[in-house]
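The values are calculated or read from the model by the stated rules, or taken from the named source; none is laboratory data. These numbers come from a predicted model, not from an experiment. Using ideal geometry, Cβ is built from the backbone for each residue, glycine included, and neighbour counts are taken over all protein chains shown. Side chains included, ligands, DNA and RNA excluded: accessible areas come from the protein's heavy atoms. Shrake-Rupley method; radii C 1.70, N 1.55, O 1.52, S 1.80 Å.
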Amino acid sequence: MKPVVRRRALLVGVGLLVAVLVGGRWLALETAERAWGASLPGGSAYLTTRDFARMVSGLLLVGAIAWGTANLLFVYRSIGSMQLSRRLGDLEIVEAVPQPLLLAGTIACGLAFGFLLSLGTGDWWMAAALASRPPTFGVTDPVLHQDLGYYLGQLPWTERLRELALVAVGSASVVVALLYVGIGSLRFRRWLPYANAHARAHLGVLLALLALTLTWGALLDPAESVAGLHGTLTGRALDARLAAAPVVAGGGIAATVVTLVWGLRERPRLLVVAWSALLVASLLGFAVIPASLSSAGPDERAATDRDTALAGERRRLEGLAFGVTTLTDSAPPGFPDLDAATTAVPIWDAQRVLAKAATRRDLVRPPGTPAAAGLSPHSFGARRATWVVALRPDRDSAALRQPPPGWAAVHRGPSARVGRPVAAVEDDTLLAFAPVATRDSTTWFGPHFMDFAVATPDSWPALRHAGIPLAGWWQRTALAWALQSPALARRETDGLVLLWRRDVPERLGRLAPFASFADAVPVVADSALWWMAYGYFQGDGFPLARPVVVAGGDSLRYLRAGLLGTVNAASGDTRLYLAPGADSLAAAWAQLLAPLIRPLDSLPRALRAQLPFPGRAFRAATALVQRWRTDTATWSARPREPFEIVAPSADGSTDAPSVWMGQAFEAGSTFAALVSATMAPDGPRLFVWRPKPAPRLPPVLVGSPNTTAPGVPRLWNVARALFFEQALFSQSAAGGPPTGIDTVFLSWGEHRGQGRSVAAALRSLLSSGGEARAPADTALAARWRRAQQLTAQADAALAAGDLESFGRLYGQLKELLGLGRRKLAPTPERR
C-alpha cells in the first residue's frame, strides 16, 4: 500500500472512530435521559422541554454561524489573491495562497465566529418559552401602563435578542473594518473614512444595522428604566429618560438613513456628523442628565412631589414582587399561658439537633448520618417540640474502609440506603430520640444521595415505578455508558431497577431548571417520609420595585415562591405543585409544563398541613417591613437569622398547631417589632407586631470560650405579652456537639427567670410574687465589670483572712471566666 493511501486510510479510520465515540456517547445520554423521564409522573413534559431547549439553542447557533460566515465570505470575494513571502537564505520567495485554502480558512473563521457569538445562550430557551405564552397579571404599571407580565415574560426575551444583535453587528463591523483596512479597501484621511464601492456597501449595511440596533435599544429604554434595569431612579430622572428615548430613537433612524447614503455615494463628513450626534444624544439623554437629576437638582420641591406620587404605587408593586400582599399589623396568634408556651416553644435549633443525633450510635449508625432536621407540628405522642431527623448515606466512612468498598457495596449494599427517620423530642434539658414508625423501613432518596443505586423490584415493590428497568442489552449498555459504570451492562443486572438522580435538589432542579430550589426539609405524613422544597422565581427587573438583598447576597427586584417539589424518600415519587400564593408567572409555567406541574388542589392534605413558610420569601418580607416603617430608629435583628417555632395556627386553634417563621427586631435594648409568617389553609399569612408600650429585651447572651454557647433566642406572643426564651448550651472543650443545656433564660413582659432547665426557669420567673428578675448579663463588657467586682471582693476577703469567702469568690470568678472545667496550667510531670 502506498504511503499516501495508507495516510488517507488512517485519517478516515480516526474520523470514523471519533464519530462513533461522540455519536455513541450522545446516543447513550439521550437514551438515559428518555428512560429517566419515562420513570417520572408527567415526564413527557420534561422530555418536550429538552427538545425545545435544543431547538432554540440550535437555531441560535445556526443563525450566528450563518451571520459570521456570510460577512467573512463577502470580504473574501473582494480579495483577488493573497501572497505570502518567506526568506530562504538571501532569497525572498513570494508564494500565492491557493484559493481553496483561502476559502476553507474563511469558512473555518466564520464557524469559530458563530460559536463565540452563541456562547452563553444555552438557557435562553426558558425566556423564549415564557415569551411565547407570557403571564397576565391584570395589573399595570403607573408609568407605561403595561401589564406586569410584560416585564417578566416578554421583556427578558426581547432584551436578550437585542443584546445578541448588538454584539453580533458590532463585532462584525469591527472585524470587517479591520479586514478591509488590512487589504487596503478602507483608509482614513483626516479622520474621515474612504473606501471602494465593495467595502463601502458592506460597511454601510453593517453600520446601518448597528444604528437600527441602537434605535431598538432606545425604544426599549423606557420599559427597562421602569423595570429598574438601569438602577433605581428618582421621579425626575425617570421622566428625563422617558423624554430622551424618542429623541435618541429619532437620531438612530437618521443615522441609519445617512449610513445607507454613504454606502451608495461616498459622503464621509455627513456620516461622521450623524453618528456623532447619535452618540452625544445617547450619552446626554441616558447617562449625564439622569445622573445629575438623581443626585441633586435646583428644583428639589418638584422632585419630592414626583417621588411622593410614585411612593404609594411603588409600595404596592414591591408587595406584588415579593409576595407581601397580605400583611396584618397585629400580634400573631399566641399561647394562652406560660405553661403552654414553655412546652411547645423549641429551645434547640436544627444544627444542634443534627450534631446531637450524630452521636447517638444506637439509632444513627453507619451507613447513615443525619442529613437534615425539620421542626414538626406533630408531636408523635409527645407534647413538647419535636424535630424530624432524616438520615443520609455515610460516604466518608465507607471511603475510609480498608479495602475500599466495591461496586456492589456502594450501589447495591447498605451504603446505598438508610433506615427510618428519627424523632428528636425536646425534654426538659435533653433530647429524646426514637425511630419514627413509617410504613417503609428504607430510605432511597434524599439530600446527599449522590451515587446511583440498583435494587431488586421484588424486594422493594415501591421502586417499580420510580426506577429505570435494566431490561434489554441496549438500554443496559446506554445506561452504563452514560453513568460510566460498565457493571450495569452485565447480564446479571437484567431485571433490576436503576435509581438515578437520588439527590433531591438535583432531582427537582432537573425537572424545573427555571426555578431555584431551596434546601429540602423532611416531613412525615401518612406514615411516610417526604422531602419538600420550594422553587423560587426571581428576576432583576420589576416595575418601580427597589432591589432587596436576599440569601446569598443576591440583589433582586422580584422573588416569589411559585413551586413546591415533593419527593417520597422510599419510592422516589416526585411531584411538582403550584405553591400556595403562586402568582401568574408560576401559573404560566404550569400551563407550559402540564402535567408535570400540578395545581395546588392536588397536593395531599397531610402534606399541605405541614408546609413551612418559604425562607427566602420571608427574608424578603422582613426587608420590606424594615423599608416601609415610618419611625427613624435604627433596627437590628435579634436573632440575626429567622427562627422557626410551633405555635397556634393562623385561626388561633391550639389543637392543630402550625410551623411559624419569625424574626424580631430591636431598637437599642427596646423591642421594636416581630415579623411572623405561616402557611394558612387559604395561603401565606404575615403579621407585624409592634406592642405599645415597647418592652425591654434581656441583654445579649454571650457564652464562655470552649465551655458554653448561646442558643437561638425565640420571641412570641403569650397572653398578649412578649415572651422570650433562650438557652445557654454546654460545649465540650474539644469541640463537637453540645453536651446539654447549661442555663435557660425566660422573659415574659417585665418578668425574668433563669434556671438549669425549662421547669426551673419557669419556677424562677413565677417565684417571688412575680417580681422582675434580670438574667445575668453575659455581654463581654458586663462580664469584665463583674470580674473586676469579684476580684476586688476576693482581695478584700484575703486581706481580712476570710479564706472561706475568698474560696467562694474565687470559684465564682473561675466560673465567670470559663475556667471552672479546665486547669489553669498543666501539672508538671515527675522526674
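Within the group Ala168, Ala199, Ala208, which residue is more than 30 Å from Val548 (Cα to Cα), outside any strand (DSSP E or B), open to solvent by less than 30 Å² (accessible area, probe 1.4 Å) and touching a strand residue (DSSP E or B) at 6+ places or on another chain (Cβ under 7 Å)? Write out each step before concluding.
Values: Ala168 fails: touching a strand residue (DSSP E or B) at 6+ places or on another chain (Cβ under 7 Å); Ala208 fails: touching a strand residue (DSSP E or B) at 6+ places or on another chain (Cβ under 7 Å).
None of the other options fit; the residue is Ala199.
So the check is Cβ under 6 Å with 6+ separation or different chains; which pairs have a first residue in region 467-483 that's within 13 Å of Gly24 (Cα to Cα) and a second one that's open to solvent by 60 Å² or more (accessible area, probe 1.4 Å) and outside any strand (DSSP E or B)? Taking only residues 6 or more apart or on different chains, the pairs are Ala480/Pro486; Ala482/Leu29. Are any residues in region 431-460 open to solvent by 20 Å² or more (accessible area, probe 1.4 Å), within 18 Å of Pro393 (Cβ to Cβ), in a loop (DSSP other than H, G, I, E, B) and in contact with a Leu (Cβ under 9 Å, 6 or more places away or on another chain), and if so, which ones? Hits for region 431-460 are Asp440, Phe452. Condition first: modelled with pLDDT under 75 and open to solvent by 50 Å² or more (accessible area, probe 1.4 Å). Now tell me which residues in region 800-813 satisfy that. Of everything in region 800-813, those that are modelled with pLDDT under 75 and open to solvent by 50 Å² or more (accessible area, probe 1.4 Å) turn out to be Ala800, Gly801, Asp802, Leu803, Glu804, Arg808, Gln812.
Go through region 26-39 and report how many residues are closer than 20 Å to Pro469 by Cα and out of contact with any strand residue (DSSP E or B) (no Cβ under 9 Å at 6 or more places or on another chain). Step through it out loud before you land on a result.
Looking only at region 26-39, we keep the residues that are closer than 20 Å to Pro469 by Cα, and these are 27-39.
Within this subset, residues satisfying the condition of being out of contact with any strand residue (DSSP E or B) (no Cβ under 9 Å at 6 or more places or on another chain) are 27-31, 33-34, 37.
Adding up the residues that qualify gives 8.
Among the residues making up region 623-666, those that are of a type in the set (Gly, Ala, Ser) and surrounded by fewer than 16 Cβ atoms within 10 Å (Cβ to Cβ) are Ala633, Ser636, Ala637, Gly652, Ser653, Ala656. If you filter region 43-68 down to residues that are out of contact with any Phe, Trp or Tyr (no Cβ under 6 Å at 6 or more places or on another chain) and open to solvent by less than 20 Å² (accessible area, probe 1.4 Å), you find that the one that is farthest from Trp474 (Cα to Cα) is Ala64.
When Ile93 is tested against (1) more than 28 Å from Ala482 (Cβ to Cβ); (2) surrounded by fewer than 16 Cβ atoms within 10 Å (Cβ to Cβ); (3) modelled with pLDDT of 85 or more, only condition (3) is not met. Scan region 53-71 and report the pairs whose first residue is over 20 Å from Trp157 (Cα atoms) and in contact (Cβ under 8 Å) with a residue 12 or more places away in the chain and whose second residue is open to solvent by 40 Å² or more (accessible area, probe 1.4 Å) and of a type in the set (A, V, I, L, M, F, W, C), with Cβ atoms within less than 7 Å and a gap of 6+ or a chain change. Going by the 7 Å Cβ cut-off, the qualifying pairs are Ile65/Leu111; Thr69/Ile107; Thr69/Leu111. When Glu266 is tested against the conditions (1) farther than 21 Å from Ala245 by Cβ; (2) at pLDDT 85 or above, the lone failure is (2).
When Val258 is tested against the conditions (1) modelled with pLDDT of 90 or more; (2) assigned to a loop (DSSP other than H, G, I, E, B), the lone failure is (2). Once region 708-751 is narrowed to residues that are within 28 Å of Arg690 (Cβ to Cβ), open to solvent by 20 Å² or more (accessible area, probe 1.4 Å) and part of a strand (DSSP E or B), the residue that is modelled with the lowest pLDDT is His751. The sole residue among Leu496, Leu463 that is in contact (Cβ under 8 Å) with a residue 24 or more places away in the chain, over 29 Å from Leu593 (Cβ atoms) and either surrounded by 17 or more Cβ atoms within 10 Å (Cβ to Cβ) or of a type in the set (Gly, Ala, Ser) (or both) is Leu496.
Per the conditions (1) over 14 Å from Ala569 (Cα atoms); (2) of a type in the set (Ser, Thr, Tyr); (3) open to solvent by 10 Å² or more (accessible area, probe 1.4 Å), the sole criterion not satisfied by Tyr536 is (3).
A residue that is touching a residue at least 24 places away in the same chain (Cβ under 8 Å), farther than 22 Å from Leu229 by Cα and of a type in the set (Lys, Arg) occurs nowhere in region 153-167.
For region 389-410, the criterion of a residue being modelled with pLDDT of 85 or more, part of a strand (DSSP E or B) and within 21 Å of Thr343 (Cβ to Cβ) is satisfied by at least one position. If you check Ala471 against the conditions, is it more than 26 Å from Arg392 (Cβ to Cβ) and in a helix (DSSP H, G or I)? Considered against the rule, which asks whether it is more than 26 Å from Arg392 (Cβ to Cβ) and in a helix (DSSP H, G or I), Ala471 comes out as no.
Taking (1) open to solvent by less than 70 Å² (accessible area, probe 1.4 Å); (2) farther than 29 Å from Ala466 by Cα in turn, Leu16 satisfies each apart from (1). Looking across Leu155, Leu130, Leu161, one residue alone is among the aliphatic types (A, V, I, L, M) and either closer than 24 Å to Arg510 by Cα or at pLDDT below 95 (or both). It is Leu130.
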